[in-house]
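Remarks on the structure that follows.
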Amino acid sequence: MNIRLAISAFVLACSMQVFANQTPDSLSNLNLHAIQAPPDADATLLSVTTLPLEHQGGDHWRLPAGLYAGNFVLDVPIHLECEPGAVLSGTGQKNTLNIRAADATLENCRLEDWGKNLTDMNAGIFVERTAERANIIGNSLQGPGFGVWVDATPHVSVIGNKVQGDNSMRTQDRGNGLHFFAVRFANIKDNEVWHVRDGIYIDASNDNVIDGNRLRDMRYGIHYMFSNRNKVINNETRRTRTGYALMQSRQLTVLDNYSDHDENYGILMNYVTYSTLQNNFVTAVQAGVGDGIHISGGEGKGLFIYNSLFNTISGNHFENSALGIHLTAGAEDNKIYDNSFVNNQQQVKYVALREQEWSHEGRGNFWSDYLGWDRNNDGIGDVPYEPNDNVDRLLWTYPQVRLLMHSPGIEVLRLVQRAFPVVKYPGVQDSYPLMRPVRTMHARPEGKQE
């Protein structure tokens with residue numbers, strides 16, 4: 001039996017059982033048609049029904065092992081599973097596979113060698129706007145353009161896939177591993193992505209969950225633009241140029257994520273509002289290097305907050321980086337408490353002229369360089385922690401003075417300022433510094449998630 005007819009007959013039989021009780025007689029004779037492509041869809045794609053699929057029962061079909069070259073479209077609502085050794089090759093052009101049908105599933109397939117034209121959005125898997133509730137599960141992709149592009153399609157699940165870019169190309173010429181545009185209610189879970197431009201790129205997409213993904217050796221691990229009410233949970237980034245780049249978004253929940261040996265920034269917040277960053281671990285952020293020269297402003301910051309307001313930042317751990325936390329450009333009115341800043345070369349850089357209290361309801365943060373005491377043994381330091389003084393501001397204003405940072409003259413300036421604080425610029429103060437780290441957290445081996 002023709003595969004397309006068999007699928008249509010199965011869908012019709014299942015649908016008639018539902019229609020019997022719910023559909024008026026006037027509509028009971030409606031015919032079901034194949035999924036219609038949008039007007040601008042590529043009509044030259046080969047339907048997967050032209051492949052030698054084997055029926056496994058119900059809507060489940062299997063593709064035998066072998067190399068299948070061409071540009072295909074999943075235009076029927078089936079569960080398509082590939083045997084080990086089944087490879088779909090895009091022959092170096094367009095997309096290897098478009099998903100057009102709603103409720104379709106692609107599982108355990110190998111896709112490779114698609115196009116590299118980023119303007120045309122060439123991708124290993126391109127999910128069209130008609131493919132609501134599509135499931136992309138356990139696939140392996142390797143190619144130069146985008147790995148998976150989801151184009152304004154709601155309720156899509158992208159779970160347990162491996163996406164590898166082309167490491168021979170410049171980073172800016174590669175596509176993103178998983179790219180979501182104008183998507184809602186997506187479930188992006190347990191994927192592994194490497195050697196792409198950005199691991200997971202979320203653009204103008206709301207109400208999605210990004211959970212348990214592992215991202216390494218790329219530009220940005222997770223990159224947000226103009227997206228709201230998203231959850232970023234339990235992800236891992238390593239050796240990126242920014243672990244988590246959160247930009248122009250609000251109501252984000254960033255929870256239990258891990259950053260290890262990322263460059264420039266572990267977590268970057270640029271105009272992020274009304275969001276929560278909690279229980280994240282950032283360690284060993286490296287200084288950015290371009291052509292062998294250190295990048296100005298990219299000295300290795302655990303958390304960089306730029307023009308971001310009304311956020312809650314608590315329970316996080318920032319350690320062993322050049323700079324623990326840097327706030328600038330109107331980044332104010334944030335609740336910052338119960339965090340641990342451990343063994344950073346400089347704990348805080350605050351560039352503004354407004355008082356900032358970094359504690360909440362009698363609890364501040366742990367600072368490994370805090371020199372105060374706790375006479376009543378309540379776990380709270382008796383002396384406020386003030387990370388920056390006028391000498392720090394002098395160094396920020398005139399960076400060339402850093403050549404004298406450890407000279408006797410600079411030490412005398414600090415001593416005089418502490419002894420005679422005649423002029424004190426507004427800045428950060430933690431009135432309730434913690435005497436011990438909030439949680440005992442350590443770097444973990446690569447590939448292991450707690």
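The values are calculated or read from the model by the stated rules, or taken from the named source; none is laboratory data. Please read these numbers as outputs of a predicted model, since none were measured by experiment. Here the Cβ is made from the backbone with ideal geometry for all residues, glycine too, and neighbour counts use every protein chain on show. For the accessible areas, the whole protein counts, side chains as well, though only heavy atoms, and no ligand, DNA or RNA atoms are used. Shrake-Rupley method; radii C 1.70, N 1.55, O 1.52, S 1.80 Å.
Per-structure values
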{"quantity": "Global geometry of the range 147-204, whether rounded, prolate or oblate, following the gyration tensor of its Cα atoms and the 1.5 cut on a/c", "calculated": "oblate"}
{"quantity": "Three principal axis lengths of the range 34-173 [C-alpha, angstrom, descending]", "calculated": "45, 34, 27"}
{"quantity": "Cα gyration tensor shape of the range 99-204, rounded if a/c is under 1.5, else prolate or oblate by comparing a/b with b/c", "calculated": "prolate"}
{"quantity": "Share of Cα-Cα pairs in the range 195-302 lying beyond 20 Å, as whole percent", "calculated": "33"}
{"quantity": "Dimensions (Å) - the range 205-259, Cα atoms, principal axes, largest first", "calculated": "27, 19, 13"}
{"quantity": "Residue 91-residue 209 pseudo-label distance in nm [points 7 Å out on the Cα-to-Cβ vector]", "calculated": "4.1"}
{"quantity": "Residue-normalised accessible area of the range 67-212, given per residue in Å² at a 1.4 Å probe", "calculated": "33"}
{"quantity": "Simple label model, 7 Å out from Cα along Cβ direction - residue 376 to residue 278, nm", "calculated": "2.8"}
{"quantity": "nm² value of the averaged projected area, convex hull over the Cα atoms of the range 305-355", "calculated": "3.4"}
{"quantity": "Computed E for residue 328/residue 287 - FRET, C-beta separation, R0 25 angstrom, nearest 0.05", "calculated": "0.90"}
{"quantity": "In the range 332-381, GluC sites (Glu not before Pro) in a DSSP loop with at most 11 other beta-carbon atoms within 10 Å", "calculated": "355, 361"}
{"quantity": "Three semi-axes of the equivalent ellipsoid, the range 190-237, Cα gyration tensor, whole Å, largest first", "calculated": "18, 13, 7"}
{"quantity": "Relative packing of peptides 134-142, 117-125 - highest average C-beta neighbours within 10 Å first", "calculated": "134-142, 117-125"}
{"quantity": "Contour excess over end-to-end distance, with Cα ends at residue 363 and residue 41 and 0.36 nm allotted per residue", "calculated": "110.2 nm"}
{"quantity": "Accessible surface of the range 332-389 [probe 1.4 Å, protein heavy atoms]: carbon and sulfur percent", "calculated": "44"}
{"quantity": "Between the range 106-159 and the range 227-280, the alpha-carbon center distance in angstrom", "calculated": "24"}
{"quantity": "Full-extension gain in nm, residue 435 to residue 185, via 0.36 nm per residue minus C-alpha separation", "calculated": "85.8 nm"}
{"quantity": "Cα-based shape type of the range 69-145, given that a ≥ b ≥ c are square roots of the gyration tensor eigenvalues and the cut on a/c is 1.5", "calculated": "oblate"}
{"quantity": "Loop-located trypsin sites (Lys or Arg not before Pro) in the range 120-210 whose Cβ has at most 10 other Cβ within 10 Å (DSSP)", "calculated": "170"}
{"quantity": "Spin-label zone in the range 197-219 - amide nitrogen under 18 Å from a point set 7 Å from the Cα of residue 172 along the C-beta vector", "calculated": "197-199, 218-219"}
